[in-house]
Each structure stands twice: as structure tokens, then as C-alpha cells.
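Down below is the structure, laid out as C-alpha cells.
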Amino acid sequence: MAAPPSAASACSGERWPPLESSPDVFNQFMWSLGVPQGEAEVHDVYGLDYDALATVPQPVLAVIFCFPDPPESSSHPSEEVLATQHKETSDDVYFIQQIESLGNACGTIALLHAVGNACSESLLDNSCLDLFFQSTASMDPYERARVLEKDDDIARAHSLAASAGDTELPDDVEEHYICFVALNGTLYELDGMKGGQKKHGSTSPESLLQDAVHIIKDIMHKIPSSMNFNVMVLSRTLK
């Protein structure tokens, strides 16, 4: 029998409720935090075949994947483990860990990974995200998580985004968000529940979506009993 949730985890669930995997939710969320509306936009990916991928607005800056998290990987690593895992990360990649007190913040963390690695230079001056990335630039992933945990502005925007979805989600959701980005010719998988970023070989801004989809298909293949998958992209808005 599972142990009853602690008061801390209950509070973290209230402060960081799950986000619906919807472009409308993610767009309003990131625009409210300081991503200029005319700079980038989140879009649904309606299929993983060649023809469907060809309709996705380019250029793609990041790929956000929502999928059922297998039970063996859904528990939070201990605080001690997370605090010592930052050595696995690279200064070139902006990475933040999902500590237990961040509850269901994986959607927000995926968005932070997308924006922080792909378009942080375009943020509105002194916006929530601009200040957050500036203040955490020199920190390790665990320290960034601690700053996010205490950031009332981002937490408030997260809660508003969670309430804006069309679907009422329980606190004990089984789905998890991760992000894929292309940096310096390398495809990175960014999962806040892991110790650091994972390299998946070479890629380019032009092939990021197709290369990420190969990894996504592998993940889907390992969870054949579920249909709860959703892929979105963060694309730069062409002017």
C-alpha cells in the first residue's frame, strides 16, 4: 500500500498543479511571462509521419513531448542525489531539475528548457522569465530548481495556466513533459526528473523536429498500452 502523501507534497501539488498539453495553454502562459507574442508560438503536431511533420510551422526551436511516465521512473530522486548531479550537465545547456517540492511543474520546466535554450535572448526586458534566467544563469540545475520553487510570479502564472485548460486534471497525473532542443549541432533531451541532459547525436535547426520524433517514437514503442501522447513545438514566428 502506498504511503499517504505528506503535507509538503500536498502543498506542492496545490502550488504546481498539472498543465494541460495544449498550445493555447502554453502560449498564454509563456506570453504572460515575457516571451513576446510576435517572437515565438507553440503549435500542435498532429501526426508523426512525413506529411504531418511537413505542415508544422518552421523554424522549430524546441519540441515538447507529453507522455505516460513509466512507474519505475515517475518517483522523484532524493534531494541528496539531485543536489550532487549537476556535474553531469554542460554550461552550454540550460537545465533545471524537478525536485519534489515542485509538484507537477514538469510542464513549466519543459517550457523553461525550451525558452532558456532557444529564445531567451528575445525576452521582454525585466519580465518574469528575463529576471529568472538572469538570476539563475550561473547556478547549477539543483540551485535553479530551488529558485523556481520560491518564485511566486512564475508559480502564480503556472496556476492560472493550469486553470485555463479545457480538461480538469487530477493532481496524481501519470503524464510527464520533456523537451528536445538543438544546441551546437547536438540533439539534447531535457527531462527535469533526470540528473542532466541526454545527448542523442547530431542534429540541426532544420532537422530538429524529425530527429526528435525518432526518439519520441522509441519512447512510445516502450509504452504500447497507452494512447496518452502529445507532441508540441515551439516555433519562431516569421515576420
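The values are calculated or read from the model by the stated rules, or taken from the named source; none is laboratory data. Since this is a predicted model, take the numbers as computed values, not measurements. All Cβ positions, glycine included, derive from the backbone under ideal geometry; neighbour counts span all protein chains shown. We work out accessible area using only protein heavy atoms, side chains counted, and drop any ligands, DNA or RNA first. Shrake-Rupley method; radii C 1.70, N 1.55, O 1.52, S 1.80 Å.
Accessible area of the stretch 143-239 with a 1.4 Å probe: how many percent of it is carbon plus sulfur? Don't skip to the answer; put the middle values down first.
Values: 2580 of 5230 Å².
Of the solvent-accessible surface of the stretch 143-239, carbon and sulfur hold 49 percent.
Express in % the proportion of alpha carbon pairs of the stretch 118-185 at distances exceeding 14 Å. The partial results should precede the final answer.
Numbers: 1669 of 2278 pairs.
That fraction is 73 percent.
Can you tell me how much longer the chain between A52 and N230 gets when fully stretched, taken as 0.36 nm per residue apart minus their C-alpha distance, in nm with one decimal?
Numbers: separation 178, 0.36 × 178 = 64.08 nm, distance 1.37 nm.
Using 0.36 nm per residue and subtracting the Cα-Cα distance, I get 62.7 nm.
Could you calculate the FRET efficiency of S159 with S138 from 1/(1 + (r/R0)^6), where r is the beta carbon distance between them and R0 is 25 Å, rounded to 0.05? Display every interim value, and only then the final one.
Details: r = 28 Å, r/R0 = 1.14.
Once rounded, the FRET efficiency stands at 0.30.
Size of the stretch 119-231 along its principal axes in angstrom, Cα-based, largest extent first?
Taking the Cα atoms of the stretch 119-231, the three principal extents are 40, 39, 25 Å.
Taking only protein heavy atoms into account and a 1.4 Å probe, give the accessible area per residue of the stretch 149-220 in Å². Please report the intermediate quantities before stating the final value.
Details: 3640 Å² over 72 residues.
Computed with neighbouring chains in place, this is 51 Å² per residue.
Rank-order 219-230, 179-190, 128-139 by packing density, defined as the average count of other C-beta atoms within 10 Å over each peptide's residues, highest first.
On the way: 219-230: 11.7, 179-190: 21.3, 128-139: 16.8.
Going by the mean number of other Cβ atoms within 10 Å, highest first, we get 179-190, 128-139, 219-230.
What FRET efficiency would be calculated for the residue pair Q37, K217, taking the C-beta separation as r and a Förster radius of 30 Å, to the nearest 0.05? Don't skip to the end; give the middle numbers.
Details: r = 32 Å, r/R0 = 1.07.
E between Q37 and K217, to the nearest 0.05, is 0.40.
Taking the Cβ of L123 as the centre, find all other residues whose Cβ is under 13 Å away and add up their charges (Lys, Arg: +1; Asp, Glu: -1). Working shown, then result.
Working: positive: none; negative: E39, E121, D125, D130.
The answer is -4.
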